[in-house]
1. Within the range 40-47, can one find any residue that is within 30 Å of residue 298 (Cβ to Cβ), away from the ligand (no atom under 16 Å from the Cβ) and assigned to a loop (DSSP other than H, G, I, E, B)?
2. Working only within the range 319-339, note down all residues that are more than 16 Å from the ligand (Cβ to nearest atom), closer than 30 Å to residue 122 by Cβ and not in a loop (DSSP other than H, G, I, E, B).
3. Specify which of the listed residues (299, 274) is under 15 Å from residue 216 (Cβ atoms), modelled with pLDDT of 95 or more, touching a helix residue (DSSP H, G or I) at 6+ places or on another chain (Cβ under 8 Å) and surrounded by 22 or more Cβ atoms within 10 Å (Cβ to Cβ).
4. In the set 347, 253, which member is more than 14 Å from the ligand (Cβ to nearest atom) and in the same structural domain as residue 62 (by TED's automatic domain parsing)?
5. Among the numbered criteria (1) more than 23 Å from residue 160 (Cβ to Cβ); (2) in a loop (DSSP other than H, G, I, E, B), which one does residue 102 miss?
6. Is there a residue being modelled with pLDDT under 95, in contact with a helix residue (DSSP H, G or I) (Cβ under 9 Å, 6 or more places away or on another chain) and part of a helix (DSSP H, G or I) anywhere in the range 9-26?
7. If we scan the range 101-113, do we find a residue that is closer than 18 Å to residue 59 by Cβ, more than 9 Å from the ligand (Cβ to nearest atom) and either modelled with pLDDT under 95 or surrounded by 16 or more Cβ atoms within 10 Å (Cβ to Cβ) (or both)?
8. Of 175, 185, which residue is under 30 Å from residue 50 (Cβ atoms), in contact (Cβ under 8 Å) with a residue 40 or more places away in the chain and either out of contact with any strand residue (DSSP E or B) (no Cβ under 9 Å at 6 or more places or on another chain) or not assigned by TED's automatic domain parsing to the domain that holds residue 78 (or both)?
Ligand code: HAM
């Protein structure tokens, strides 16, 4: 028998999982800018940061977001092996914040707990523009006993609008609605079932299921057949109690008083079950079919529903990837640049050049060097690629004179600077 000679196969190159992305150094400055601006603004509204785990017990999401919500039913990324069985990656932040609020008895610390979070969320969705399986949210939650006032709802909405403006997003639309109290929602469900009954057979399979379990969701189904059925419905606010109606009217007055422009959309319901009263969504038409940049609302029963005290709550979350998609080029901050690239013209001066570099860094001036002494041309090419604003050149001649040549990479101008004046010269250049 002849021996088979197997040719070694090139190892398969590992690929990033579908629906996720790397944030490369060329774009990370945008993320850091967004995060810094968001942190600054949120602290002026007295929100404090909270960081919760990226996974939680699956039951937390089922009990809070709703068994029939798509997020739980179809998109939950569950951990199926090892010790973490029974856990899932968080699809959003509200449930985790509420879990932490209860577990850490935060209600005992302050009348109103104002929290914000920044971080990755995970949903097993079919990826498309503006929709990924790992995405990032900036979210806020204001939770506390007896804090259901339309002023707080208005503050949260105004903050959301201001956050997007601060980040340079323009031409967005704020849509608001009210679902009323839990009781109002019940009567709304009944009325909707009645109105949809005759057309139930025309609904998609998911909506036929939703008909019994969560009839609201039929209102925002994307299926064209369901849309046609819903178009004839014209949902109104007949189901609202006097109190809920007055709350909503007051909210609209406060928003107008603050100069926050909004559009009332009575068919606006949300994909997650926990909302009561105010719901809102901010969309930006340039995003296409996934046009919601941000969404939120009030959820007065969730904390108690999860075994905590009866407290009120309201919040929102923005999608960072969608903010980036909606951000016009002129709103993007300039990329941070290296300040000084050191070029040593021969081996002999390299140790000194290296010491100068360390001195610059010690003075807080960002600098780098080509660790291999090559031709001036090749080192200048590296300096150019680094994006550095200045190049510090040290050759034998400069060494003897106790100077360096300082080249401005923007203007091309070059000047001689005494070694001991280099730090002040570069610092003065801003
Ligand atoms: P949500 O509407 O499910 O609400 O998500 C909020 C935002 O997250 C969306 O408007 C969108 O910008 C972004 N987002 C959601 N899914 C994806 C995805 N697959 N890819 C990219 N971006 C996405 C919530 O999550 C609630 N927790 C909001 C809230 C906070 N309500 C009260 N407090």
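The values are calculated or read from the model by the stated rules, or taken from the named source; none is laboratory data. Keep in mind that this is a model prediction, so the values were computed, not measured. Virtual Cβ from ideal backbone geometry, glycine too; neighbours counted across all protein chains shown.
1. The answer is yes; a qualifying residue exists.
2. Matches in the range 319-339: 329, 331.
3. 299
4. After ruling out the rest, the residue left standing is 253.
5. Status for residue 102: all satisfied but (2).
6. For the range 9-26, residues modelled with pLDDT under 95, in contact with a helix residue (DSSP H, G or I) (Cβ under 9 Å, 6 or more places away or on another chain) and part of a helix (DSSP H, G or I): absent.
7. Within the range 101-113 (the criterion being closer than 18 Å to residue 59 by Cβ, more than 9 Å from the ligand (Cβ to nearest atom) and either modelled with pLDDT under 95 or surrounded by 16 or more Cβ atoms within 10 Å (Cβ to Cβ) (or both)), the answer is yes, since at least one residue qualifies.
8. 185
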